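Structure below; questions to follow.
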Amino acid sequence: MDCCSQKPVFAFPLGEKLCKRHFIDYFEGKVFKTIRQFELLDKEENLGVAISGGKDSLTVLHLLDRLAQQNPKIRMNAIAIDEGIDGYRDKTLITAKKFCEGSKIKLHVFSYKEEFGLTLDEMLKILKVKPCTICGIFRRYLLNRKSRELGFTKMATGHNLDDECQSIMMNQMRNDLKASARLGPKAGMISDIRFVPRIKPLYLCSEKEVTTYAFISGLLDEFCECPNAVHSYRAQVRDMLNEMEQKFPGTKHSIVSSFLQTLPFLKEHLKGGMIKICSKCGEPGSNETCNACIYLERLKSRVVYQG
Ligand code: SF4
C-alpha cells in the first residue's frame, strides 16, 4: 500500500511503501524518538561522533548536528580513526573530511601508524589473526582514550539494529554474557570516569532504512566496504540473520526487542566486574594488561625478531 501519489522509495516487509518525503519524516522521527526514549542526550553535551565516512556514521552525525543547531548547549565534534587499510580507509576519510568541512564540524583524526607505529595492513603481515579482532581492539582503545582526552561527555556511534542483532547473536554463540551486558542503546555497563559513555541513536533503525536515508538525503553517493569484512565472524552471522529475515520478516527486530527486555537483568546480574588499570598504559580494562597492550607487545617482539 502506497503512502501517497508520489513514487515510493522504501517498502516495508509487509508491503507498506513510503515516498521520499514520508520516508525521511518516518526515519528522522524514529531516530529522534530513540534519543528521547532511551534518554541518550543530556541538556548540555560536548558530543563526539565516531565517524568512518560510511552511511551509518554520516547519518548519525547529520541528525545529531540538526539537534545541536537547535540547542546551543550541545557542542558537536567528530572523531575518526585511520587504521591504515589501503584502498579503503583513505577513501572513506576523504568523504568524512568533506562532510565535516561542509557542516563546519571539527574533525579529529587519529591513526594506528602514529599511535601504535604500524598500520593495520602492516600489523596483519606480522600477526596471523583475524583482521577485525585486532582492528576492533585498537579502534575501541583509541576512540575511548582520545574522546576522554578531548573532553567529550559522550561518544555517539552509527550502530544500527542489524549491528546490534549481530552482536547479540555472536555473544550468545560464544557464551559471552558479559559482552552482551555492555550492549544496548547506551553502551557500557560500568560507569567509570575513564570510560566515555557511548550512545547509539540509530539503535532501532535497520541497515536497509539507514542506507535508504543516507542515499536519498544525499549524505553519500557511493557504498564502500572494508576488504577485510568478508573474513569476519560477524559477516557470517550477518548472512545467517539476513537469510532468516528474508524467510521470517521481523526476526531481527524481535531479537533486539527481546534482548532489550532482558538487558536490565543482565546489567544487574553482571555488574560486579571490577575495572582494572592496565599496568602498561594506564587505560581501563578488565585484566592486568589490556588487550591493546597484549597485541602491541606481540607486534613489537615479532618486529624486533624479524629485524
Ligand atoms: Fe576493521 Fe574489520 Fe571494520 Fe575492516 S571490517 S574496519 S578490519 S573492524
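Run lengths n ≥ 4 of DSSP H only: what is the helix-derived mean residue ellipticity at 222 nm for the chain, with -39500 (n - 2.57) per run over all residues, to the nearest 500? Write out the running numbers ahead of the final one.
Numbers: 12 runs with 158 residues, N = 307.
That calculation yields -16500 deg cm²/dmol at 222 nm.
Report the FRET efficiency, 1/(1 + (r/R0)^6), for residue 231 and residue 193, where r is their Cβ-Cβ distance and R0 is 35 Å, rounded to 0.05. Show your work: numbers first, answer last.
Values: r = 36 Å, r/R0 = 1.04.
Using R0 = 35 Å, I get an efficiency of 0.45.
What FRET efficiency comes out for the pair residue 287/residue 129, r = Cβ-Cβ distance, R0 = 30 Å, nearest 0.05? Could you put the intermediate results ahead of the total?
Working: r = 18 Å, r/R0 = 0.59.
Result of the calculation: an efficiency of 0.95.
Taking H placed 1.01 Å from N in the peptide plane, check which residues at least 5 places from residue 9 or on another chain put their amide H under 5 Å from its amide H.
The answer is 18, 19, 20.
Right, next: Could you tell me the center-to-center distance, by alpha carbons, between region 262-302 and region 184-255 in angstrom?
If we compute the Cα centre of each part, the gap is 24 Å.
State whether region 141-275 is rounded, prolate or oblate according to the following rule on the C-alpha gyration tensor (a ≥ b ≥ c being the square roots of its eigenvalues): a/c under 1.5 gives rounded; otherwise a/b larger than b/c gives prolate, and the remaining case gives oblate.
Numbers: a/c = 1.79, a/b = 1.21, b/c = 1.49.
In terms of gyration-tensor shape, oblate.
Under a GNM of the chain (C-alpha, springs under 10 Å), which listed residue has the highest mean-square fluctuation: 53, 151, 102?
Taking springs between Cα atoms under 10 Å, the residue moving most is 102.
Let me check I've understood the local charge: for residue 75, count other residues with C-beta under 14 angstrom from its C-beta, Lys and Arg +1, Asp and Glu -1. What total comes out?
Working: positive: 43, 73, 104, 106, 154; negative: 42, 44, 45, 65.
Overall, the nearby charge balance is +1.
Give the shape of region 139-200 as rounded, prolate or oblate, defined through the alpha-carbon gyration tensor: a ≥ b ≥ c are the square roots of its eigenvalues, a/c under 1.5 means rounded, and otherwise the shape is prolate if a/b is larger than b/c and oblate if not.
Details: a/c = 2.33, a/b = 1.80, b/c = 1.30.
Verdict is prolate for region 139-200.
Mind listing the phi-derived Karplus ³J(HN,Hα) values for region 39-48, rounded to whole Hz, using 6.51, -1.76 and 1.60 with θ = phi - 60°, and x for any glycine or proline?
Ordered by residue, 3J(HN,Hα) equals 6, 6, 10, 8, 5, 10, 9, 10, 8, x Hz.
With θ set to phi - 60° and the Karplus curve 6.51 cos²θ - 1.76 cosθ + 1.60, what are the ³J(HN,Hα) couplings of region 235-241 in order, to the nearest whole Hz, using x for Gly and Pro?
Running phi through 6.51 cos²θ - 1.76 cosθ + 1.60 with θ = phi - 60° gives 5, 6, 5, 4, 5, 4, 5 Hz.
Oh, and also: Output ³J(HN,Hα) for region 130-139: one whole-Hz value per residue in order, computed from phi by the Karplus curve 6.51 cos²θ - 1.76 cosθ + 1.60 with θ = phi - 60°, and x for Gly and Pro.
Computed from phi, the couplings for region 130-139 are 5, x, 5, 5, 6, 4, x, 4, 5, 5 Hz.
Measuring from label point to label point, each 7 Å out along Cα→Cβ, what is the residue 248 to residue 12 span in nm?
Reported label-point gap for residue 248 and residue 12 is 2.1 nm.
Amide H to amide H under 5 Å from residue 46: which residues, 5+ apart in sequence or cross-chain, H placed 1.01 Å off N in plane?
Close amide H contacts, sequence-distant or interchain: 75, 153, 154.
Report, by chain and number, residues whose modeled amide H sits under 5 Å from the one on residue 109, excluding near sequence neighbours (fewer than 5 apart, same chain).
So residue 109 has HN proximity to 80.
Can you grab the distance from the C-alpha centre of region 132-147 to the C-alpha centre of region 2-20, Å, no decimals?
Value for the Cα centre distance between the two parts: 39 Å.
With axes computed from alpha carbons, what is the tilt in degrees of helix 207-216 against the longest principal axis of the chain, rounded to the nearest 10 within 0 to 90?
Roughly 70 degrees between the two axes.
Read the figures in this text as sums done on the coordinates, not as results from a lab. Predicted, not measured: the structure shown is a model, and the values here were computed from it. Note that each Cβ is placed from the backbone with ideal geometry, even for glycine, and that neighbours are counted across all protein chains shown.
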